[in-house]
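Take a look at the structure below.
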Ligand SMILES: O=C(O)CCC(=O)C(=O)O
């Protein structure tokens with residue numbers, strides 16, 4: 001995407017709170033992602049549920065199996081953990097530059113998951129993704145979400161609905177909730193919005209599923225909603241391209257935030273052993289000495 005298009009989309013996010021990038025994703029990748037999402041929905045063990053949500057991921061034998069057909073909204077979290085194919089998502093050249101323009105270059109992956117409205121799914125509560133941040137609104141962009149349409153989004157199948165301009169409101173989303181405007185868009189399009197924008201997944205009144213991927217980024221000075229450093233084994237992160245390693249958190253913000261012993265965590269990615277072992281050994285020696293001193297003086 002050229003600089004002019006990036007600036008135009010970022011300006012739309014600034015002005016109306018959202019933008020749509022048509023034909024953002026190459027058709028072969030969209031089809032492969034769709035296939036992979038469907039495979040995971042078949043193969044992963046559900047680990048958490050509530051009345052309308054199934055979140056799937058790591059097996060938890062203690063939880064009873066959940067029939068997907070009982071539910072109308074299926075989500076799979078931590079997609080980087082589940083398949084190498086999803087590594088294309090956070091670094092997508094038609095999306096990431098727009099997000100970087102909105103949040104700044106040090107932005108991070110906050111979450112990467114599926115959002116599938118199955119037939120009969122009710123609408124979500126109208127919400128803003130940044131509701132949990134205890135800051136007066138409006139505020140500078142903290143989150144920027146991108147929703148990837150893996151099929152055509154229509155009013156009938158539950159296209160995302162947005163409330164234009166609401167990212168500039170002082171109020172938190174509260175009843176009576178506005179209906180919002182449906183964003184109908186062809187398969188392969190990506191809807192990008194400021195995390196303060198009021199929005200919702202629409203009700204799916206069709207007979208077709210509405211699968212999507214939600215790739216959410218946060219500003220580099222914020223805590224990521226999903227813990228990407230503990231949630232992704234280092235042996236897996238070692239295989240990521242450098243930009244993806246940064247996006248999951250192996251870098252610093254403003255040269256300082258996120259550091260380890262005054263270095264970027266990036267320097268530790270490829271170490272097989274505990275690179276902090278030497279420091280730990282010194283700590284243990286120091287502790288033993290200090291303990292002896294305490295015992296002697298007691
Ligand atoms: O799936 C959608 O249309 C929207 C999802 C969403 O709003 C969310 O996850 O916060």
Which of (1) over 22 Å from residue 151 (Cα atoms); (2) at pLDDT 95 or above does residue 35 not meet, given it meets every other one? (1)
Quick check on region 221-233. Is at least one of its residues closer than 27 Å to residue 16 by Cα, touching a helix residue (DSSP H, G or I) at 6+ places or on another chain (Cβ under 9 Å) and either in contact (Cβ under 8 Å) with a residue 12 or more places away in the chain or outside any loop (DSSP other than H, G, I, E, B) (or both)? yes
Enumerated strands (runs of 3 or more DSSP E) restricted to region 62-157, each holding at least 1 residues that are within 12 Å of the ligand (Cβ to nearest atom) and at pLDDT 95 or above: 108-114, 143-149
Hey, residue 165 away from the ligand (no atom under 13 Å from the Cβ) and crowded, with 18+ Cβ neighbours inside 10 Å or not: no
Pairs returned, first residue in region 269-298 that is part of a helix (DSSP H, G or I), second residue that is at pLDDT 75 or above, beta-carbon separation under 8 angstrom, 6 or more apart or interchain, are 279/261
Residue list for region 158-179, filter: within 30 Å of residue 34 (Cβ to Cβ) and modelled with pLDDT of 95 or more: 158, 159, 160, 161, 162, 163, 164, 167
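Considering only residues that are within 16 Å of the ligand (Cβ to nearest atom) and either surrounded by 21 or more Cβ atoms within 10 Å (Cβ to Cβ) or under 16 Å from residue 141 (Cα atoms) (or both), which ones fall in region 215-231?
215, 216, 217, 218, 224, 225
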Tell me whether region 236-252 contains one or more residues that are within 16 Å of the chain's Cα centre (by Cα), exposed (fewer than 11 other Cβ atoms within 10 Å of the Cβ) and assigned to a helix (DSSP H, G or I). no
Residue 197 being crowded, with 23+ Cβ neighbours inside 10 Å, in a strand (DSSP E or B), touching a residue at least 24 places away in the same chain (Cβ under 8 Å) and near the ligand (Cβ under 10 Å from one of its atoms): no
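The values are calculated or read from the model by the stated rules, or taken from the named source; none is laboratory data. Note that the structure is predicted; figures quoted are calculated from it, not measured. Please note: Cβ atoms are built from the backbone with ideal geometry, for glycine as well, and neighbour counts cover all protein chains shown.
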